Amino acid sequence: MLASKFIETEHYSRINVRQLTNLMMLEHLDKFEGGLIIETGSLRPECQIDTDGGSTLVWDFVLNEKPNYRALSIDIRPEPGEHVKKNCKHVQPICSDSITYLNSLTEEDVKDLRLLYLDSFDWSQEIHMQSAFHHMCELAALWRILPSGCMIVVDDRHTEEMGKHFLVDQFFQRLKVEPIFKSYQIGWIKP
Ligand SMILES: C[S@@+](CC[C@H](N)C(=O)[O-])C[C@H]1O[C@@H](n2cnc3c(N)ncnc32)[C@H](O)[C@@H]1O
């Protein structure tokens, strides 16, 4: 069981506000034999697991436990990709602008996508809308070809209205799709 094994790791003890929602993502991934995980924004050399979350290491943990999973981690800078290569055994780094890369994927590429994890454009109060818009564009680049049942998660939800999730949340509200969890991270399942 992914979640119960993850609870025993040092990583879990360090992710504070993300603990419960990370377990919910793992429980979701555990429902499948395998598939694809895509994240935007990779483990960076300056990563503090306590504040960043170290999500790429979590996907590497999943791939170690369930070899039928694959994970792509997209970052616009080469340094995080190099850091992923050094610190992850299984996750494949992609050096690209996330929106450009996601927009290049086909329905066939994402037919087994189980989790889309959006965490690229750093958020601060001054650039709130730029960050929220970037993550909305990431979702828009894939939305129509995302398979039903795929989980979409946005990191760094500071308040209901402040954080990377803001416009993605507005989009789901329009579609009347309720989040399945909502704390520092927010997640939905594509109907
Ligand atoms: C918050 S960090 C990712 C942290 C990582 N998910 C973790 O939990 O450890 C954000 C990363 O997104 C990258 N980034 C910023 N703009 C981007 C873009 N347009 N496309 C892809 N990556 C981008 C940055 O280079 C940075 O490394």
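Only the coordinates and a few stated rules stand behind these numbers; no lab work does. Because the structure is a prediction, the values reported are computed rather than measured. Heads up, the Cβs are rebuilt from the backbone with ideal geometry, glycines too, and the neighbour counts pull from every protein chain shown.
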Exercise for the section: Select, from Ser104, Ser55, the only residue that is within 26 Å of Met136 (Cβ to Cβ) and either surrounded by 15 or more Cβ atoms within 10 Å (Cβ to Cβ) or within 11 Å of the ligand (Cβ to nearest atom) (or both). Expected result: Ser55
Problem - Which numbered condition Glu160 fails, given (1) over 21 Å from Ile76 (Cα atoms); (2) among the acidic types (Asp, Glu); (3) under 17 Å from the mean Cα position of the chain (by Cα) - result: (3)
Exercise for the section: Please work out if Ile37 is under 29 Å from His158 (Cβ atoms) and out of contact with any Asp or Glu (no Cβ under 6 Å at 6 or more places or on another chain). Expected result: yes
Problem - Test: residue in the range 117-127 that is surrounded by fewer than 19 Cβ atoms within 10 Å (Cβ to Cβ), within 14 Å of the ligand (Cβ to nearest atom) and of a type in the set (A, V, I, L, M) - result: yes
Problem - Test set (1) more than 10 Å from the ligand (Cβ to nearest atom); (2) farther than 24 Å from Tyr184 by Cα; (3) in contact with a Leu (Cβ under 7 Å, 6 or more places away or on another chain); (4) not hydroxyl-bearing (Ser, Thr, Tyr) - His83 fails condition number - result: (1)
Exercise for the section: Scan the strands (runs of 3 or more DSSP E) fully inside the range 24-107 and keep the ones with 2 or more residues being without any contact (Cβ under 8 Å) to a residue 40 or more places away in the chain. Expected result: 69-75, 92-95
Practice task
Select from the range 153-167 the residues that are surrounded by fewer than 24 Cβ atoms within 10 Å (Cβ to Cβ) and more than 11 Å from Ser131 (Cα to Cα) and list them in ascending order.
Solution key: His158, Thr159, Glu160, Glu161
Problem - Boolean, Thr21 is over 19 Å from Asp109 (Cβ atoms), in contact with a helix residue (DSSP H, G or I) (Cβ under 9 Å, 6 or more places away or on another chain) and either within 10 Å of the ligand (Cβ to nearest atom) or not in a strand (DSSP E or B) (or both) - result: no
